[in-house]
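Asks: One structure, as structure tokens, below. Some questions next.
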Amino acid sequence: MRSILAFCTLFALSTALAAADTLPPQLAAAFATMASAKTYHMSLNAHGQQVDMDMVNPGRQHVTISGRHQIEMIRIDSDTYMKMNGSWQKFSMPGMDSMIAEYGKYREIGASHAADAKIVDLGMTAVGGESLHEYEVSTATTDPADIYVGADGTIHQIVVPKAKSGPVTMVFSAYNTPITIVAPI
């Protein structure tokens with residue numbers, strides 16, 4: 001659960017930063033590309049958990065969590081499917097929209113931090129055999145995050161190396177590639 005909260009907080013901060021008018025143009029464009037993507041894949045490694053998530057906008061996610069807990073979940077609009085004891089169960093969650101609206105709170109938190117964000121352009125760096133443009137983003141109340149932008153103009157990775165609960169790494173890929181998420185039952 002902390003992994004998901006870390007993702008929400010970082011994503012909200014990055015979304016708010018996208019609206020900030022003080023961003024370097026390449027970073028602003030990368031956030032805009034992410035916000036408008038029809039699909040993408042995100043892998044998150046934090047707190048001994050590996051989270052993989054395929055996103056199809058609007059309203060479809062496929063999440064697998066491995067590590068201390070093994071969870072697989074598919075959400076399609078207000079229907080949620082969870083794999084428990086080897087079989088899928090369907091939960092109709094009409095309140096899911098209001099739960100997702102909670103994300104708005106994270107977005108507001110991010111927006112309140114965007115005004116005091118300090119952004120340092122660290123130039124080009126090699127990550128996983130790729131040459132990526134690295135930016136360090138910090139605020140008065142958040143841990144510094146390293147944001148890596150590829151030559152394709154997309155965010156490839158966000159790393160919070162000194163998060164209070166341990167390092168957090170999010171890797172983004174497969175922007176706007178066909179991803180199919182269907183109900184498993």
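The values are calculated or read from the model by the stated rules, or taken from the named source; none is laboratory data. Since the structure is predicted, the reported quantities are computational estimates derived from the model, not experimental observations. Positions of Cβ are generated from backbone atoms using ideal geometry, with glycine treated the same way; all protein chains shown enter the neighbour counts.
Asks: Any chance you could count how many residues in the range 159-174 are out of contact with any Leu (no Cβ under 6 Å at 6 or more places or on another chain), under 29 Å from residue 83 (Cα atoms) and crowded, with 20+ Cβ neighbours inside 10 Å? Lay out the reasoning, then the answer.
Replies: If we filter the range 159-174 for residues that are out of contact with any Leu (no Cβ under 6 Å at 6 or more places or on another chain), which is where we start, we get 159-169, 171-174.
From the residues that got through so far, the ones that are under 29 Å from residue 83 (Cα atoms) too are 165-169, 171-174.
Pick out the ones that are also crowded, with 20+ Cβ neighbours inside 10 Å and you get 168, 172.
The qualifying residues number 2.
Asks: In addition: Residues in the range 57-75: is at least one surrounded by fewer than 16 Cβ atoms within 10 Å (Cβ to Cβ), out of contact with any Cys (no Cβ under 9 Å at 6 or more places or on another chain), in a helix (DSSP H, G or I) and at pLDDT below 90?
Replies: No; the residues of the range 57-75 include none that is surrounded by fewer than 16 Cβ atoms within 10 Å (Cβ to Cβ), out of contact with any Cys (no Cβ under 9 Å at 6 or more places or on another chain), in a helix (DSSP H, G or I) and at pLDDT below 90.
Asks: Regarding the range 9-18, can at least one residue be identified that is closer than 22 Å to residue 161 by Cβ, modelled with pLDDT of 80 or more and crowded, with 16+ Cβ neighbours inside 10 Å?
Replies: Within the range 9-18, none of the residues are closer than 22 Å to residue 161 by Cβ, modelled with pLDDT of 80 or more and crowded, with 16+ Cβ neighbours inside 10 Å.
Asks: In the range 85-107, how many residues are modelled with pLDDT under 90 and either exposed (fewer than 12 other Cβ atoms within 10 Å of the Cβ) or closer than 18 Å to residue 56 by Cα (or both)? Explain how you work it out, then say what you get.
Replies: To start, the set of residues in the range 85-107 that are modelled with pLDDT under 90 comprises 85-86, 91-107.
The next check asks that each one be either exposed (fewer than 12 other Cβ atoms within 10 Å of the Cβ) or closer than 18 Å to residue 56 by Cα (or both); those that pass are 85-86, 92, 94-105.
Within the range 85-107, residues that are modelled with pLDDT under 90 and either exposed (fewer than 12 other Cβ atoms within 10 Å of the Cβ) or closer than 18 Å to residue 56 by Cα (or both) number 15.
Asks: Residues of the range 21-49 being without any contact (Cβ under 8 Å) to a residue 24 or more places away in the chain and polar (S, T, N, Q), which ones?
Replies: Matches in the range 21-49: 36 only.
Asks: If you don't mind, another one. Name the single residue that is surrounded by the fewest Cβ atoms within 10 Å (Cβ to Cβ) among those in the range 139-156 being modelled with pLDDT under 95 and in a strand (DSSP E or B).
Replies: Here the answer is 146.
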